[in-house]
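S.K.: Can you read through this structure? Questions will come right after.
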Amino acid sequence: MQRRIRELAREGTIHRPVRVDVHFDVLETVHQIVERHAASALVFDGHELVGMLTEHDVLTRVVQRGRDPSETATGEVMTVAPLTIDIDETIDGALRAMRDHDVTHLAVCDGFQTVGVIARSDLLEVNARDLAAENQLLHEYIHGPVASVL
């Protein structure tokens with residue numbers, strides 16, 4: 001059975017979103033991203049999610065173009081209308097959406113509330129762990145339990 005994003009939220013794999021105002025300058029937004037050890041920030045205009053600013057956005061739309069991050073509004077360089085995913089979507093569904101839309105982060109929504117952010121790297125890591133555990137179970141089924149050496 002395919003795991004759902006909701007399970008990852010319970011496990012702590014989904015990151016609490018860094019929330020910033022659309023009018024914050026990029027420097028302030030980056031400070032908040034760094035302080036929270038995150039890779040992106042969700043950008044709001046009041047209570048409405050209007051964008052996402054990722055590390056990639058900062059590098060390609062600010063640094064590479066020689067823009068001053070303290071003079072550039074986050075809303076000018078963010079990814080507009082970020083892709084969202086329902087918390088009850090499957091991991092494979094989330095990975096498919098990321099692939100189809102060429103994004104590395106998704107805002108996770110539970111109803112109308114944005115509850116977190118999930119990165120492609122997080123989903124791939126979860127899949128790798130799940131496959132390793134399944135492989136171990138199959139190995140034990142075929143060959144019997146592995147004896148531990150103390």
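S.K.: Short version: ³J(HN,Hα) in whole Hz for each residue of the stretch 38-47, in order, from phi by Karplus 6.51 cos²θ - 1.76 cosθ + 1.60 (θ = phi - 60°), x for Gly and Pro, what are they?
M.R.: 10, 10, 7, 9, 8, 10, 10, 10, x, 9
S.K.: Just subtract the alpha-carbon distance of S121 and E71 from 0.36 nm times their residue separation and send over the number in nm, one decimal.
M.R.: Full extension from S121 to E71 adds 14.9 nm.
S.K.: Under a point-charge model restricted to the Cβ atoms of Lys and Arg (+1) and Asp and Glu (-1), what is the dipole moment magnitude of the chain relative to its Cα centre, in debye to the nearest 20?
M.R.: Dipole of the chain, to the nearest 20 debye: 280 debye.
S.K.: Rank L138, G12, V80 by how far each Cα sits towards the positive end of the charge dipole of the chain (+1 on Lys, Arg Cβ; -1 on Asp, Glu Cβ) and give me just the farthest.
M.R.: Farthest towards the positive pole: L138.
S.K.: Roughly what angle does helix 120-143 make with the longest principal axis of the chain, taking Cα atoms, 0 to 90 degrees, to the nearest 10?
M.R.: Tilt relative to the chain: about 0 degrees.
S.K.: Mind giving me the nanometre distance, one decimal, between the label points for E11 and F44, set 7 Å out from Cα along Cα→Cβ?
M.R.: 2.8 nm
S.K.: Can you tell me what the convex hull of the Cα atoms of the chain projects to on average, as an area in nm²?
M.R.: Its average projected convex-hull area is 12.0 nm².
S.K.: Full-extension gain between H56 and V34, please, as 0.36 nm times their residue separation minus the C-alpha to C-alpha distance.
M.R.: The H56-V34 span can extend by a further 6.5 nm.
S.K.: With the dipole of the chain worked out from charges on the C-beta (+1 for Lys and Arg, -1 for Asp and Glu) around the Cα centre, which of M52, A41, M98 lies farthest toward the positive end?
M.R.: M98
Where a number appears in this text, it was derived from the coordinates with a stated rule and is not lab data. It should be emphasised that the depicted structure is a prediction, and the values quoted were computed from it without experimental measurement. No Cβ is skipped: glycine too gets one built from the backbone with ideal geometry, and neighbour counts run over all protein chains shown.
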